[in-house]
Amino acid sequence: MSKIVVEGLTKIFGHNPRRGLARLREGAGKEQLRRELGLVVGVWDVSFSVEPGEFFVIMGLSGSGKSTLLRCLNRLHEPTAGSIRIDGQEITALDRRSMVELRRRRFGMVFQRFALLPHRTVLSNVEFGLEVQGVPAARRREAAREALRLVGLGGWEDSFPHQLSGGMQQRVGLARALAVDPDILLMDEAFSALDPLIRREMQDELLELQARMNKTIVFITHDLDEALKLGDRIAVMRDGRLVQIGTPEQLVAEPADDYVAAFTQGVDRAKVLSAGAIMQPVKAVITDRDGPSTALHRMRQNGISSIFVLDRQRRVQGYLTVDDVVDAATHRRPLGDYLRRDFQAVTPDTRLDRVIPLGAAASVPIPVVDDGGRLRGVIVKGALLGALAASGGDSERGEDPERGVAS
């Protein structure tokens, strides 16, 4: 079951939003509602789901509706229409008291501005959510200390917010959210007020925390680099609507429209795309039981100059060149005597910035194997260059005289 399921979510600000909803359904646009009725459409007919443990990023420019959408998820903004389910529970149907209780126990929230209480110590700030829940003092103090340790602030418990740097204050905010052990962590532009270096450090620390804690995180940002670094999937918003949802790789390689393409235009594709995105199917292989005649036949039939040799489980044993096979046939020697093992395989999730050096040095296509070493495809130089083209176009998958084993 998905952790969060949102269907048809709409939020309209202003007097009589239901009237605005009716006009939207009749075909009126966002600007038309503003002119005619003085209503502002924050979110319009948005649907998506978030899986347990997923790091889900919502990004867009200022005014795109991303923060409004986040606040609808825990009903800090009351939706005008639509459904929000948490673990199958419809939260739009909850009364105020039940919703407050759900918010306290199931959600943690980290804001752009640190929202710390200046008269409280660091420890007391982190305890605050547990205090509101009525957790006994000793237990909440222990949980708060553990949360501070997780974010690297052990030893700062008795300090006050004004004694901390911006990055440290944001760590306190994160620790406060983690202390209540929420199912879902909502983060609204959490790092955007930080200096670039501190921001990158916080991103790295959050990824490390996520690897250990496996929370469901919904993270808001306007920074594409941040979204690509953090997100398992990214939702791109424009004018209150979702434009595209996909993995970082999908957004960069397959933008849904010109708006998304413009966002991703300057991205270093080598740091986003993976080997699996550009690998090509295997054109011809032989097994370690085949002889020179079989190898020559398959190489001639497919017009290739090298061929990979697999065992019975399709694990790559090595490769042969056409000269190797001809020499083996001429001297009636087994192909195993010529088997070349000077290749480096990659897995489908290997990033292209790690594949590039291999491709530059390789004389044959790069084999792409699964965790068991079984051949799944190959990468040829033409496809690698095409994927890295500054234009961001589709990878080149045309004929390549060196890809023989792979196409």
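Brief remarks follow.
- Cross-chain or 6+ apart pairs with Cβ under 6 Å, the range 338-366 first and assigned by TED's automatic domain parsing to the domain that holds VAL326 and touching a residue at least 12 places away in the same chain (Cβ under 8 Å), then assigned to a loop (DSSP other than H, G, I, E, B) and charged (D, E, K, R): PRO365/ARG403
- Residue match in the range 149-162 (condition: assigned to a helix (DSSP H, G or I) and out of contact with any Pro (no Cβ under 9 Å at 6 or more places or on another chain)): yes
- Within the range 364-382, not a single residue is at pLDDT 90 or above, assigned to a loop (DSSP other than H, G, I, E, B) and among the β-branched types (Val, Ile, Thr).
- Within the range 319-340, the presence of a residue that is within 30 Å of GLN250 (Cβ to Cβ) and buried (at least 21 other Cβ atoms within 10 Å of the Cβ) is excluded.
- Taking first residues from the range 120-149 that are of a type in the set (Asp, Glu) and partners that are at pLDDT 90 or above, the Cβ contacts under 8 Å between residues at least 6 apart in sequence or on separate chains come to GLU127/ARG141; GLU127/ALA143; GLU127/ALA144.
- Filtered residue count, the range 288-312, keeping only those that are surrounded by 14 or more Cβ atoms within 10 Å (Cβ to Cβ), free of Cβ contacts under 8 Å to residues at least 60 places away in the same chain and in contact with a strand residue (DSSP E or B) (Cβ under 7 Å, 6 or more places away or on another chain): 5
- Matching residues in the range 84-99 - criterion: being among the acidic types (Asp, Glu) and farther than 16 Å from ILE4 by Cβ: ASP95
- Test result for GLN344, closer than 29 Å to GLU249 by Cβ and polar (S, T, N, Q): yes
- Only one of the listed residues (GLY152, GLY173, GLY166) is in contact (Cβ under 8 Å) with a residue 24 or more places away in the chain and at positive phi. That residue is GLY152.
- Filtering ALA270, ALA275 for residues that are surrounded by 21 or more Cβ atoms within 10 Å (Cβ to Cβ), within 27 Å of THR247 (Cβ to Cβ) and touching a residue at least 24 places away in the same chain (Cβ under 8 Å) leaves a single hit, ALA275.
- Count of the range 21-55 residues which are touching a Gly at 6+ places or on another chain (Cβ under 7 Å) and either without any contact (Cβ under 8 Å) to a residue 40 or more places away in the chain or not charged (D, E, K, R) (or both): 11
- Among the residues listed as ALA81, ALA143, the single one being modelled with pLDDT of 95 or more and farther than 17 Å from LYS3 by Cα: ALA81
- Any chance ASP45 is under 24 Å from ILE217 (Cα atoms) and in the same structural domain as ALA262 (by TED's automatic domain parsing): no
- Residues that are buried (at least 18 other Cβ atoms within 10 Å of the Cβ) and of a type outside the set (A, V, I, L, M) within the range 211-221 comprise LYS215, THR216, PHE219, THR221, listed in sequence order.
- Here GLU254 meets each of (1) closer than 29 Å to LEU33 by Cβ; (2) surrounded by fewer than 21 Cβ atoms within 10 Å (Cβ to Cβ) with one exception, condition (1).
- Candidates LEU209, LEU228, LEU186, LEU194: the one that is free of Cβ contacts under 8 Å to residues at least 60 places away in the same chain, outside any helix (DSSP H, G or I) and assigned by TED's automatic domain parsing to the domain that holds ASP258 is LEU194.
- Pick from the range 107-132, criterion touching a Pro at 6+ places or on another chain (Cβ under 6 Å) and crowded, with 17+ Cβ neighbours inside 10 Å, ranking: nearest to SER159 (Cα to Cα): LEU116
- Residues (touching a residue at least 24 places away in the same chain (Cβ under 8 Å) and in contact with an Asp or Glu (Cβ under 8 Å, 6 or more places away or on another chain)) located in the range 367-386: ARG376, VAL380, ALA383, GLY386
Here is a yes/no grid of residues against (1) charged (D, E, K, R); (2) over 13 Å from the mean Cα position of the chain (by Cα):
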{"site": "PHE219", "(1), (2)": "no, no"}
{"site": "ARG233", "(1), (2)": "yes, no"}
{"site": "GLY240", "(1), (2)": "no, yes"}
{"site": "THR247", "(1), (2)": "no, no"}
{"site": "VAL282", "(1), (2)": "no, yes"}
{"site": "THR294", "(1), (2)": "no, yes"}
{"site": "ARG298", "(1), (2)": "yes, yes"}
{"site": "ASN302", "(1), (2)": "no, yes"}
{"site": "SER305", "(1), (2)": "no, yes"}
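- Members of the range 1-27 found to be surrounded by fewer than 17 Cβ atoms within 10 Å (Cβ to Cβ) and of a type in the set (A, V, I, L, M), listed by number: MET1, ALA22
The values are calculated or read from the model by the stated rules, or taken from the named source; none is laboratory data. Given the structure is predicted, the values throughout are model-derived calculations rather than measurements. Ideal geometry is used to build each Cβ from the backbone, glycine not excepted, and the neighbour counts take in all protein chains shown.
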